[in-house]
Amino acid sequence: MIEDIVKDTESRMRKSVEVLKHEFSKIRTGRAHTSLLDHIMVPYYGNETPLKQIANVAVEDSRTLTVTPWEKNIVPVIEKAILTSDLGLNPATSGTVIRIPLPPLTEERRKDLVRVVRHEAEQGRVAIRNIRRDANSELKEALKEKLVSEDDEHQGIDRIQAITDRFIKEVDRQLQEKEKDLLSV
């Protein structure tokens, strides 16, 4: 019983950290990386399709991404989708290749992004704490229904706290890494 709760808790906390990593990958650090365009959806034959499913996205140099669509007729549609995205990028088309130059980040923009990253990290910590609360509630419920002893409940709570501490440290490590990336010129 306790082992199931602990395993479920650890699995859910791991997923929270993965979601945080995914959110961090969307925030650009001034260097080009293909995951920057992962969330862009393009209207393709009546369906919203992820960009990476209809085109090859590559890094040309440290400040330029290239998008090469599988079909020639989809180039203007992809260009419009990138222009209207929340990234503030201006794609330039040359034939069938779309080049996306990334403007350098200003100091003010870097500080704004650090604030955003810290907020995302705090959301991750809150999610992990909520998972801990749910697991502790399950343990208390199991004790109330006499499925586990008091000692087992206390051991379970201690194990869940240790797991929580480990994942909070991971969130903090991810945050430090991303802040360092953002503030390096």
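Only the coordinates and a few stated rules stand behind these numbers; no lab work does. All values derive from a computational prediction rather than experimental measurement. Virtual Cβ from ideal backbone geometry, glycine too; neighbours counted across all protein chains shown.
If the cut-off is a Cα-Cα distance under 30 Å, which lysines reach LYS140, setting aside same-chain residues fewer than 8 apart in sequence?
Of all the lysines, those that pass the test against LYS140 - Cα under 30 Å, at least 8 places apart if same chain - are LYS7, LYS15, LYS169.
Let me make sure I get this right: for region 87-130, a, b and c are the square roots of the gyration tensor eigenvalues over alpha carbons, sorted descending. Under 1.5 in a/c it's rounded, otherwise prolate if a/b > b/c, else oblate. Which is it?
Because a/c hits 1.5 or more and a/b fails to exceed b/c, region 87-130 counts as oblate.
Taking only Cα atoms, what is the 0 to 90° angle, nearest 10, from helix 107-144's long axis to the longest principal axis of the chain?
Between helix and principal axis, roughly 30 degrees.
Nearest 10 degrees is fine. How inclined is helix 150-183 to the longest principal axis of the chain, computing both from alpha carbons?
That helix lies at roughly 20 degrees to the long axis.
Which peptide among 93-100, 134-141 comes first, and what is the full order, when sorted by highest mean count of other Cβ atoms within 10 Å?
134-141, 93-100
Which residues' amide hydrogens lie under 5 Å from the amide hydrogen of VAL42, considering only partners 5 or more residues apart or on another chain, with H built in the peptide plane?
THR49, LEU51
In deg cm²/dmol, rounded to 500, what helix-only [θ] at 222 nm does the chain give when every DSSP H run of at least 4 residues adds -39500 (n - 2.57) and the total is split over its residues?
It lands at -20500 deg cm²/dmol.
Could you tell me which label, among (1) 18.3; (2) 19.2; (3) 16.0, carries the value of Kirkwood radius over Cα pairs in Å calculated for this structure?
For Kirkwood radius over Cα pairs in Å, the calculated option is (2).
Only Cα pairs under 8 Å and at least 6 apart count here; give the relative contact order of the chain as a rounded whole percent.
After rounding, I find 27 percent.
Amide H neighbours of ASN56 under 5 Å, counting only residues 5+ apart in sequence or on other chains, H built in-plane at 1.01 Å?
When sequence neighbours closer than 5 places are left aside, the close amide H contacts are THR68, TRP70.
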